[in-house]
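J.: My structure is below; once you've seen it, I'll send some questions.
The values are calculated or read from the model by the stated rules, or taken from the named source; none is laboratory data. Bear in mind that the values here come from a model prediction, so they are computed numbers and not experimental data. Every residue, glycine as well, gets a Cβ built from its backbone with ideal geometry; the counts of neighbours run over all protein chains shown.
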Amino acid sequence: MPPTVESTATPGPVPGASPADHAGIVVRGVARSFGAVRALDGVDLDARPGRVTALIGPNGSGKTTLLLVLAGLLVPDAGHVRVGGHDPVTDGGAARALTGWMPDAFGTWDSLTAREVLTTYAAAYRLPRDSAQARVAELLETVHLAEYADRPASVLSRGQKQRLGLARALVHSPKVLLLDEPASGLDPRSRVDLRVLLRSLAEQGCTVLVSSHVLSELDELVDDAVFLSRGRTVTPQALAGRAPAQRTWRLRSLSYGALTRWLASTGSAWQPDDDAPPPGSPDDAPGGVLLAVGGDAGAAQLVRDAVGAGVPVTSLAPVGGELEQAYLTLDEERR
Ligand SMILES: Nc1ncnc2c1ncn2[C@@H]1O[C@H](COP(=O)(O)OP(=O)(O)OP(=O)(O)O)[C@@H](O)[C@H]1O
């Protein structure tokens with residue numbers, strides 16, 4: 001099912017609303033500046049228990065700043081924040097006790113083993129010693145680091161350190177999970193494992209908020225998506241019910257030669273697809289092109305015209321998933 005989008009048109013309770021709105025994450029009108037830079041400039045967000053919510057935005061749009069505020073590591077200048085019903089500023093201990101936080105880069109103590117790193121965090125969360133050992137062993141299995149349990153963290157690769165960071169965030173079985181670029185550095189199998197794990201945590205009632213630039217993967221994982229642009233929550237055109245004027249589609253044909261000759265005759269702008277046949281290939285070699293099409297009606301017309309002109313069309317599909325297309329319609333650029 002495609003993710004749904006937090007719309008600024010339905011911001012929910014106003015700032016100052018009851019902290020008991022719901023047991024997930026509630027953010028209303030949050031602002032935070034660093035000197036003259038307004039990193040957060042009025043963010044509204046709901047991430048609900050049992051759902052995986054994506055936090056998406058260009059570089060510098062405020063994702064990490066918002067996650068730091070939610071983790072209780074940064075005090076907002078203004079706004080209303082609740083994590084599991086607690087204010088991370090005034091009720092930080094209670095909020096942190098139920099929050100798991102995975103930063104984008106997880107620093108470890110290199111002289112400790114992976115098991116010792118997790119045991120240290122378990123002690124910090126006051127897990128009883130016996131259950132802590134069992135929990136740590138379980139998590140090392142979950143993130144496929146059992147083999148490295150008793151080796152110093154310094155030997156772990158970047159992806160393995162990421163997985164240790166994930167285990168660290170889960171050590172106290174948090175009800176709310178904040179993950180900043182968790183897939184960064186992970187190999188494809190670990191990314192699949194991560195997706196399965198996050199989905200299963202959500203099914204157990206956890207609130208999962210995850211920031212990532214890997215939109216193709218988020219498409220398959222998330223239930224809801226919140227877009228940030230220049231520190232503000234925005235609703236991208238493509239997901240707000242207003243079709244973007246143009247989006248990129250991939251048109252494939254049994255004969256790349258016939259396809260490109262026909263496009264040239266219509267004066268259309270296009271570019272070769274990744275696996276278009278190299279120059280000098282036989283005329284009937286299959287291949288595809290990328291081109292901008294105005295909405296579904298434009299796509300239907302394109303297929304009619306191409307087939308009518310005798311082009312052996314095999315497929316026409318939008319490029320990228322729904323989140324990627326939505327992201328590309330964001331007005332503001334990265335900063
Ligand atoms: N400690 C800081 N001091 C000064 N400016 C900061 C600080 N932290 C963040 N900023 C600025 O705030 C803005 C938002 O940064 P933030 O790291 O939250 O963005 P982001 O969306 O996480 O970006 P990226 O996708 O690159 O990780 C940026 O313009 C950044 O330069």
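J.: Have a look at L139, L55 and point out the one that is within 14 Å of the ligand (Cβ to nearest atom), buried (at least 17 other Cβ atoms within 10 Å of the Cβ) and closer than 24 Å to A202 by Cα. Break it down into steps so the answer makes sense when it comes.
T.: Working: L139 fails: within 14 Å of the ligand (Cβ to nearest atom).
Answer to the selection: L55.
J.: What tally of residues in segment 180-220 results from selecting those that are touching a strand residue (DSSP E or B) at 6+ places or on another chain (Cβ under 9 Å), in contact (Cβ under 8 Å) with a residue 60 or more places away in the chain and of a type in the set (G, A, S)?
T.: 3
J.: Give segment 24-52 a look and list any residue that's over 17 Å from H86 (Cα atoms), surrounded by fewer than 24 Cβ atoms within 10 Å (Cβ to Cβ) and in contact with a Pro (Cβ under 8 Å, 6 or more places away or on another chain), or say none.
T.: Across segment 24-52, the qualifying residues are A31, R32.
J.: Consider D77 carefully, then state whether it is within 16 Å of the ligand (Cβ to nearest atom), of a type in the set (D, E, K, R), surrounded by fewer than 21 Cβ atoms within 10 Å (Cβ to Cβ) and within 23 Å of L221 (Cα to Cα).
T.: Values: within 16 Å of the ligand (Cβ to nearest atom): yes; of a type in the set (D, E, K, R): yes; surrounded by fewer than 21 Cβ atoms within 10 Å (Cβ to Cβ): yes; within 23 Å of L221 (Cα to Cα): no.
Answer is no for this residue.
J.: Given (1) under 30 Å from S212 (Cβ atoms); (2) part of a loop (DSSP other than H, G, I, E, B); (3) not aromatic (F, W, Y), identify the lone condition not met by A299.
T.: Condition (2) is where A299 drops out.
J.: Just to be sure I understand the filter: pairs with C-beta atoms under 6 Å, separated by 6 or more residues or on different chains, first member in segment 57-70 and assigned by TED's automatic domain parsing to the domain that holds S33, second member more than 6 Å from the ligand (Cβ to nearest atom) and part of a loop (DSSP other than H, G, I, E, B). Which pairs pass?
T.: So the pair list comes out as P58/R334; N59/R334; G60/R334; G62/G231; L68/L74; V69/P76.
J.: Using the structure shown, decide if L40 is more than 9 Å from the ligand (Cβ to nearest atom) and touching a strand residue (DSSP E or B) at 6+ places or on another chain (Cβ under 6 Å). Walk me through it before giving the result.
T.: Details: more than 9 Å from the ligand (Cβ to nearest atom): no; touching a strand residue (DSSP E or B) at 6+ places or on another chain (Cβ under 6 Å): yes.
No: the conditions fail for L40.
J.: Can you give me the ranges of the helices (runs of 4 or more DSSP H) entirely in segment 155-244 with at least 1 residues that are over 30 Å from G294 (Cα atoms) and either within 16 Å of the ligand (Cβ to nearest atom) or under 15 Å from the mean Cα position of the chain (by Cα) (or both)? Walk me through it before giving the result.
T.: On the way: elements: 158-170, 188-203, 215-221.
Once the helices (runs of 4 or more DSSP H) in segment 155-244 are filtered for at least 1 residues that are over 30 Å from G294 (Cα atoms) and either within 16 Å of the ligand (Cβ to nearest atom) or under 15 Å from the mean Cα position of the chain (by Cα) (or both), what remains is 158-170, 188-203.
J.: List the number of the failed condition for D274; all other conditions in (1) without any contact (Cβ under 8 Å) to a residue 60 or more places away in the chain; (2) of a type outside the set (G, A, S); (3) more than 21 Å from S216 (Cα to Cα) hold.
T.: Answer for D274: the failing condition is (3).
J.: Considering only segment 36-48, state which residues are at negative phi and either among the small types (G, A, S) or part of a loop (DSSP other than H, G, I, E, B) (or both). Steps first, answer last, please.
T.: As a first pass, look at segment 36-48 and keep what is at negative phi: 36-41, 43-48.
Answer for segment 36-48, where residues must be at negative phi and either among the small types (G, A, S) or part of a loop (DSSP other than H, G, I, E, B) (or both): A36, A39, A47, R48.
J.: State which residue is nearest to S111 (Cα to Cα) when the search covers only segment 128-159 and only residues that are out of contact with any strand residue (DSSP E or B) (no Cβ under 7 Å at 6 or more places or on another chain) and of a type in the set (D, E).
T.: Ranking the candidates gives E147 first.
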